[in-house]
Amino acid sequence: MNRTREWFAPPAGDGGPVLQFYNSLVDEKVPFIPAAGANSKQITWYACGPTVYDSAHMGHARNYVTFDVIRRVLEDYFGYNVLYVMNVTDVDDKIILRARRNHLLQRYKEQETDASKVTQDVEAAVQAAVSKQAKKQQALVAQAAAATDSRQRTELEAAVKNEEHKARQLQQVQQALAGLLAGEGHAPGARWAVWHDLHPAGLRVQHLHMLAGR
């Protein structure tokens, strides 16, 4: 379904270099006009920051570097005075869920010492994760094929690639598990532990790790 987008451009200023931004609402570049007015050099900029429920990664660094470069260009070349604010979310559903998962994992590691039982849990978790991922990927492929809006189709195709990447990660987990169960590096008395997320739809394996017997 085609969506009609209406853009109400703010009044333009007089003279000086014209900064243009890509406006995703109308799919084209438009002149940048500060909220304080066309001739104002004051910009207030709010950006969503990290939700700190896990370790920092390269995606976080890219976020900081990219926005800092843009801020410097706005200030040093175009002469704007930028008030830049980024939040850090320290209370969020993801954080609460991760804390609960970590707690359950710790309890599992402390209570479960039967290697055969842990092996069964790991195999069931991997199989559940593979089945769920396949269904999710198939659903996105179908949505992308049925999309008539070009923007929506592009977004869905990008989502499909992301899910394909997750599927490849699960394949690596399966291969690692198969190698472990075949006896590679398996010492007598060793205990298997699985680092996992307790997903609402089932147990999702993230990493496998073999711990020496205690």
Selection count, the stretch 79-95, where residues are more than 13 Å from residue 47 (Cα to Cα), modelled with pLDDT of 90 or more and hydrophobic (A, V, I, L, M, F, W, C): 0
Residues within the stretch 128-176 that are in contact (Cβ under 8 Å) with a residue 40 or more places away in the chain, part of a helix (DSSP H, G or I) and within 23 Å of residue 26 (Cα to Cα), tallied: 1
Residue selected from the stretch 43-55 under the condition under 19 Å from residue 77 (Cα atoms) and open to solvent by less than 70 Å² (accessible area, probe 1.4 Å), by the criterion nearest to the chain's Cα centre (by Cα): 45
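Every residue, every condition in (1) under 25 Å from residue 54 (Cα atoms); (2) at pLDDT below 85; (3) touching a helix residue (DSSP H, G or I) at 6+ places or on another chain (Cβ under 8 Å); (4) open to solvent by 70 Å² or more (accessible area, probe 1.4 Å), yes or no:
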residue	(1), (2), (3), (4)
103	yes, no, no, yes
138	no, no, no, yes
148	no, no, no, yes
159	yes, no, yes, no
178	no, yes, no, no
182	no, yes, no, yes
203	yes, yes, yes, no
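Mind listing whichever residues of the stretch 65-74 are touching a residue at least 12 places away in the same chain (Cβ under 8 Å) and open to solvent by 40 Å² or more (accessible area, probe 1.4 Å)? Steps first, please.
Narrowing the stretch 65-74 to residues touching a residue at least 12 places away in the same chain (Cβ under 8 Å): 67, 71, 74.
Across the stretch 65-74, the qualifying residues are 67, 71.
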Subset tally (residues that are farther than 24 Å from residue 98 by Cα and not aromatic (Phe, Trp, Tyr)) for the stretch 48-78: 11
The stretch 32-42: number of residues that are at pLDDT below 90 and open to solvent by 70 Å² or more (accessible area, probe 1.4 Å): 3
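Taking the stretch 75-98 only, how many residues are among the hydrophobic types (A, V, I, L, M, F, W, C), open to solvent by less than 60 Å² (accessible area, probe 1.4 Å) and within 21 Å of residue 60 (Cα to Cα)?
Keep residues of the stretch 75-98 that are among the hydrophobic types (A, V, I, L, M, F, W, C), which gives 78, 82-83, 85-86, 88, 91, 95-97.
This time we only want the ones that are open to solvent by less than 60 Å² (accessible area, probe 1.4 Å), so: 78, 82, 86, 95.
Restricting the remaining residues to those that are within 21 Å of residue 60 (Cα to Cα) gives 86, 95.
So the answer is 2.
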Identity of the residue in the stretch 105-134, touching a helix residue (DSSP H, G or I) at 6+ places or on another chain (Cβ under 8 Å) and among the aliphatic types (A, V, I, L, M), that ends up surrounded by the fewest Cβ atoms within 10 Å (Cβ to Cβ): 134
Residue within the stretch 104-125 that is among the hydrophobic types (A, V, I, L, M, F, W, C) and free of Cβ contacts under 8 Å to residues at least 60 places away in the same chain present: no
Some residue of the stretch 5-23 being modelled with pLDDT under 85 and open to solvent by less than 50 Å² (accessible area, probe 1.4 Å): yes
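The values are calculated or read from the model by the stated rules, or taken from the named source; none is laboratory data. These numbers were taken from a predicted model, which means no experiment stands behind them. When we count neighbours, we look across all protein chains shown, and the Cβ atoms used for this are built from the backbone with ideal geometry, even at glycine. For accessibility, only protein heavy atoms count, side chains too; no ligands or nucleic acids. Shrake-Rupley method; radii C 1.70, N 1.55, O 1.52, S 1.80 Å.
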